[in-house]
Amino acid sequence: MKCYQCISPAMYTVGEQNIPLCLDCYFKFSQIQQQELESLERAVNYSSDEIAFATGMPGFGAHFPRFPPRPKPTFIQGVKMNNISVQNSVIGTINTGSIGTVDQSISALISTGQPDAAEAVKAISEAVLKSADLTGNQKNDLIDILSVVAKEAATPIESRKSGVALALIDKAEKITGLANDITDICQKWWPALVAVFTAATG
Ligand SMILES: [Zn+2]
């Protein structure tokens, strides 16, 4: 069953009509629900204040405690990126740990004198995160692969696992091949990454 909002497979149903939603869309749906609940709770607090004021009972609030602030929903933000330029809104439910690893590897590539590899990882990562043609799962797979490949590229040639990296790049290229909106960037930058590892083995 497909999600009512997008092309991902559904994981949940919501409402009386049992509308199917995928993980990403359900995540947004529950955030909206939580915000609505917070508004209702504030309205209850306001009403109890009004009752206390009207009845002149100063201790009212102590007997009817106010709703404490609810814990904030887990927004994926605040991950400091030194290289990858990306908006919170496009990160969505992507694993920020892996994005952080990719970002650190870009810094390592720059400091080890591999500006082309650094630029390739940065360009592909940003394209993947922004692509409207890739699903959340595909983006997660790609960022995971990029985090491993970028780390290997930043490793000294003698201990670099080039075969593994090339196999992963091959897999990643097949996934990005499904995204028409990033074809140009991928055609330009995947070969630059492949070159890092073929130069080492060749
Ligand atoms: Zn969806």
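Bear in mind that the values in this text are calculations on the coordinates, not laboratory data. This one's a predicted model, so the numbers in the text were calculated from it and none came from an experiment. Don't worry about glycine lacking a Cβ; one is built from the backbone with ideal geometry, like all the others, and counts go over all protein chains shown.
The H on the amide N of Ile19, modeled in the peptide plane, is under 5 Å from the matching H of Val14, each at least 5 residues off or on a different chain. Panel order for Glu50, Glu38, Glu16, by other beta carbons found within 10 Å of each beta carbon, from fewest to most: Glu16, Glu50, Glu38.
Which entries in the list Lys2/Lys151; Lys28/Lys151; Lys28/Lys188; Lys2/Lys122; Lys161/Lys188 go over 30 Å, if you measure between the two C-alpha atoms of each?
Correct reply: Lys2/Lys151; Lys28/Lys151; Lys28/Lys188; Lys2/Lys122.
With neighbours defined as other Cβ atoms within 10 Å of a residue's Cβ, the residues Phe197, Phe29, Phe53 order from fewest to most as Phe53, Phe29, Phe197. Eigen-decomposition of the gyration tensor built on the alpha-carbon atoms of region 12-63 gives equivalent ellipsoid semi-axes of 38, 10, 7 angstrom, largest listed first.
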